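Scroll down for the structure; my scribbles are underneath it.
Any read-out appearing in this document is the output of simple, stated calculations on the displayed coordinates, not a laboratory observation. Nothing here was measured: the structure is a model prediction, and the numbers come from that model. Glycine also receives a Cβ, built like all others from the backbone with ideal geometry; neighbour counts cover every protein chain displayed.
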Amino acid sequence: MSRSFTTDKPGLQTCVQELPGRIGFLEQGFPLSGPFDAWSFRQANILVGNDRDTAALECQFAGPTLTLETDALVAVTGADMRPKIDGEPVPMWTTLPIRAGQTLALGPAMRGARSYIAISGGIATDPVLGSRAVFHQAGVGGHALTAGQSVPLGTPTTDVTLSQVPEAARPVISSDKRWQVEALAGPNDDWLTPETVETFFSADWAIQAKSSRTGVRLTGPEFAFSARATDKNPDHGQDPSNIIDHGYPMGAVNLAGQTPIILVNDSPSTGGFINPFTVASAAFWKLAQARPGEVLNFRRIDRDEAGRLRAHLDAMTRPEVLERV
Amino acid sequence: MSLQTIEAPLPGILYHKPSPDAEPFKTPGDAVAVGDTLALIEVMKSFMPVEAELAGTFKGYSAADGESIEPGAPVCEIEQA
């Protein structure tokens, strides 16, 4: 019995992801990649007895169908993709025993956008530059699953308790198509007028369908620029949003002309546009689960609060949160 | 002959045309063959084709061009041959 699964239907860009991602190559243009919603990802892993950062599958908008070639434990978390084993509906956020030859099928995302499938032992594809995380567009660490593909699994831990994530510990996927996203002003907020900075934190920002793991593109009010942007050394470039090439932080709200693009897991690490705001890393999971046409409202926080949110996310993704079923 | 509703396989933005200036994939009365593209759904910078899984006569789109669509929502109707 080989420890693997076979991909019957690949879903839409279903990719292997792992934490902490591909660390150390930003200056050569390799993004970190890794799971977009790390909260759901880690909870899937702990449900099957894996270390929470173990390689697992990220499913986007439409899930895959997989046949297990070995007995295993699986767990599905994140967006509601109505998982079934051999055609029978099974609960999410729960350890599910599955036997060799059985099929796990996920459908389209009914709420949220990204689901995670963890399998006991984890996914054992070959690491590239130190990580199994897939940067699909460039084929770094592999590509999205394809039909017929066999994917190797690692060695599971024994004595796993069948558990579930209690509702209070799960990320709350918005049911009203609105998301409150915590963000900090800076690093380049002084390139905008103070009024525009206020507007950013009060306006509705609609998510464009052109959003992906590279960037979340937003539609909203116009930006007005301060003298810093309009009366600058020509070396910065012609557009008010141009700046001499600089490093982009993860979560940067990157302003290209009048279109804000939030730079996320597979984003470029440098460029010549300003980043007036930065989304807190603990709010990335919301960007991962928000769908085209849904609305973001940004709540202004400071670094201390960003740290507290991060600590909360960390606490919610430890094995201690699980309850036995 | 029976009227069949084709449902959206995933959430996104529905398009009746391959590009903004093009003609719609189908207009009412057109013949539909298995595998024909009926519409596109845009998500993650990708355009996923909605393909016919049955043959018949195209009766019309059930959601507007450029509209946000949920999985399972009707895309169009086909009178099965």
Nearest-0.05 FRET efficiency for residue B:51 and residue A:310, computed from C-beta distance (R0 41 Å): 0.40
Taking a ≥ b ≥ c as the square roots of the eigenvalues of the Cα gyration tensor, with a/c under 1.5 meaning rounded and otherwise prolate when a/b exceeds b/c and oblate if not, the protein assembly as shown is oblate
So, relative contact order of chain B in percent, Cα under 8 Å, 6 or more apart, is 43 percent
At 7 Å along the Cα-to-beta-carbon direction for both residue A:206 and residue B:27, put a label point, then send me their distance in nm to one decimal. 2.8 nm
Determine which residues of region B:47-81 fall in the zone a paramagnetic label at residue A:111 would reach in this model, i.e. backbone nitrogen under 16 Å from the point 7 Å along Cα→Cβ. B:70-71
Can you pull a Stokes-Einstein diffusion coefficient for chain B at 37 °C (0.692 mPa s), Rh from Kirkwood over Cα pairs, as a whole number of µm²/s? 265 µm²/s
Please find the FRET efficiency linking residue B:73 to residue A:299, where r is the Cβ-Cβ separation and R0 is fixed at 45 Å, and quote it to the nearest 0.05. 0.90
For region A:178-315, what's the relative contact order in percent, using C-alpha pairs closer than 8 Å and at least 6 residues apart? 38 percent
Putting +1 on Lys and Arg Cβ atoms and -1 on Asp and Glu Cβ atoms, find which of A:214, A:76, A:130 reaches farthest to the positive end of the dipole of chain A. A:76
What distance in nm separates the simple spin-label points at residue A:80 and residue A:177, each placed 7 Å from Cα in the Cβ direction? 1.6 nm
Just want the answer: with Cβ charges of +1 for Lys and Arg and -1 for Asp and Glu, which residue in A:29, A:226, A:12 is farthest toward the dipole's positive end in chain A? A:12
Per-residue average of other protein chain Cβ atoms inside 10 Å, peptide A:54-65 -> 2
Would you work out the charge dipole size for region B:2-80 about its Cα centre, treating the Cβ of every Lys and Arg as +1 and the Cβ of every Asp and Glu as -1, and quote it to the nearest 20 debye? 60 debye
Two pseudo-spin positions, 7 Å from Cα along C-beta at residue A:126 and at residue A:256, lie apart in nanometres by 3.3 nm
Can you find, among A:259, A:205, A:186, the residue sitting farthest towards the positive end of the charge dipole of chain A, where Lys and Arg contribute +1 and Asp and Glu -1 at Cβ? A:205
With charges only on Cβ, +1 for K and R and -1 for D and E, what is the dipole size of the protein assembly as shown about its Cα centre, in debye, rounded to 20? 680 debye
Debye, to nearest 20: dipole size of region A:4-170, +1 on Lys, Arg Cβ, -1 on Asp, Glu Cβ: 300 debye
